[in-house]
1. Give the distance, in whole Å, between the Cα centre of segment 192-226 and the Cα centre of segment 17-57.
2. So if the hydrodynamic radius of segment 9-87 is defined as the Kirkwood radius over C-alpha pairs, what does Stokes-Einstein give as its diffusion coefficient at 20 °C and 1.002 mPa s, in µm² per second?
3. In Å and whole numbers, how far do the C-alpha atoms of the chain stretch along each principal axis, longest first?
4. For a footprinting-style exposure proxy, rank V198, V80 by other Cβ within 10 Å, fewest first.
5. Neighbour counts of other C-beta atoms within 10 Å: give me F105, F117 arranged from fewest to most.
6. Considering all alpha-carbon pairs of segment 169-260, what whole percent are spaced by more than 19 angstrom?
7. Taking segment 164-215, which chymotrypsin sites (Phe, Trp or Tyr not before Pro) meet the DSSP loop condition and have no more than 13 other C-beta atoms within 10 Å?
8. What percent antiparallel are the DSSP beta bridges of the chain, to the nearest 5?
Amino acid sequence: MKRPEALDLDALRTFVTGIDAGNYAIAAQRLSRSTSAVSAQLKKLEAQCDRQLLQKEGRGLTLTQDGELLLSYARRLLAVNDEALLALKQRQMDGKVTIGFQEDFSDILIPNLLGRFCRAYPAVEVEAQSGRNRMLTESVECCALDYALCWEAPDQYDADSHVAELPLYWIGLDETIVINAMSSGDPLPLVMLEAPCVIRNMAIEALDNANIPWRMSFTSGSLSSVWAATRAGMGVTVRSSVGMPTSLKYLVSSSLPSLPQLGLSLKESKTIKGVAQTTLKSLLMEELQASIA
């Protein structure tokens, strides 16, 4: 009986990195490989699978149906491989790690980072919480949290903690709300988190600068409630693409003003960091790079 052929993990990592990066030229840089080496790995992977995984679309490449199927398996295979190596390298690691993050990142960080970390290091006590910027910042400053992932306004960037810049979008159920408000002259209904909120301030400033009237139709301290109200058609909101429900749409109406970039920072407490803390931070940065590339 012929033994099943094993997929090449290096080729799978190249495949996944290229999809996450948006193109394989960037993937080659991240993996410190030449573009020809990356191309050879992808061809090898297609040969192993006996399927076409990528197809040309314009100047780029997109996944075929077989490629989409393989991608989900590839992520799991790589995650298990990485967990096994981490667990073997630091099998005796213990201690406690505390981390906080914006609710936007819950669907990404809880399964992909925290679940992975807890499985690899069962002796480490992980305490995580999602919250608003002010609470997260204060918790880091008083050392209640080791790390906190926070939003930053453009004029508040801290070079020591700055991680990335993300585009902001007008988001809603559809364009109808915007069209109706603009054609009637009524204030644009907004669905926002309660003040203080960095993104709320940026949205209001953009509308005020464009002389567009607005009103708050729904506010909440919970992002899930903001999404629910937006899905209900109560108004439009502004967020990054992180954690955006698939039932909502980016609103591209020319009547809406452009929005500035949103900063993302990783704030650290002044406590001395052990191996558990530095390992979690390293994995967090990897996950962010893959998720918001």
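1. What the calculation gives is 41 Å, centre to centre.
2. Values: Rh = 12.8 Å.
The estimated diffusion coefficient comes to 167 µm²/s.
3. Dimensions of the chain along the principal axes of its Cα atoms: 73, 50, 33 Å.
4. On the way: V198 20, V80 12.
Result, fewest neighbours first: V80, V198.
5. Working: F105 21, F117 24.
In order of increasing Cβ crowding within 10 Å: F105, F117.
6. Numbers: 1253 of 4186 pairs.
Cα-Cα pairs in segment 169-260 separated by more than 19 Å: 30 percent.
7. Answer by residue number: there is no such site.
8. Working: 19 of 36 bridges.
Taking every DSSP beta bridge within the chain, about 55 percent pair in antiparallel fashion.
Just so you know, all these numbers are worked out from the coordinates, no wet-lab data involved. Remember, it's a predicted structure, so these values are computed and weren't measured experimentally. Methodologically, a virtual Cβ is constructed for each residue, glycine included, from the backbone with ideal geometry; neighbour enumeration extends over all protein chains shown.
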